[in-house]
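Colleague: Before anything else, here's the structure in question.
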Amino acid sequence: MSATTTEDVMTKLNYANATRTQQRQANSVLRRARTGSIATTIILGSVDRVVEKIRYGYRKYTTGEYVSMAYRNKFGWKNTYYQPALAVVEIAQ
């Protein structure tokens with residue numbers, strides 16, 4: 001009997017393709033983790049947890065670090081892009 005890896009059991013869903021119950025469960029996991037965002041990707045797995053959370057804001061293309069309003073006022077929009085908030089959540093099936 002072979003061991004089953006987590007990759008075999010997980011199914012990745014886009015937020016729009018998930019059922020309403022799955023969306024509510026994923027957003028509940030985010031609220032319990034104190035991250036105030038909507039789950040953008042839902043993974044059906046074995047435990048309820050936040051897999052990845054990326055904050056919204058402006059970042060540098062070269063390094064990926066966040067930039068402040070002062071940086072953008074001084075250097076303009078070159079080398080910056082807007083990163084929307086992303087949250088990947090695993091929920092138990």
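The values are calculated or read from the model by the stated rules, or taken from the named source; none is laboratory data. Keep in mind it's a predicted model, so treat the numbers as computed, not measured. Here the Cβ is made from the backbone with ideal geometry for all residues, glycine too, and neighbour counts use every protein chain on show.
Colleague: Within the stretch 24-46, work out how many residues are over 16 Å from ALA85 (Cα atoms) and of a type in the set (Gly, Ala, Ser).
Modeller: 3
Colleague: Show me the helices (runs of 4 or more DSSP H) found entirely inside the stretch 3-93 where at least 3 residues are surrounded by 11 or more Cβ atoms within 10 Å (Cβ to Cβ), at negative phi and over 12 Å from the mean Cα position of the chain (by Cα).
Modeller: Hits in the stretch 3-93: 20-32, 69-75.
Colleague: Report yes if VAL29 is over 12 Å from VAL88 (Cα atoms) and modelled with pLDDT of 90 or more, otherwise no.
Modeller: no
Colleague: Could you go through the stretch 33-46 and let me know if any residue there is among the charged types (D, E, K, R), at pLDDT below 90 and farther than 30 Å from ASN79 by Cβ.
Modeller: Checking the stretch 33-46: at least one residue is among the charged types (D, E, K, R), at pLDDT below 90 and farther than 30 Å from ASN79 by Cβ.
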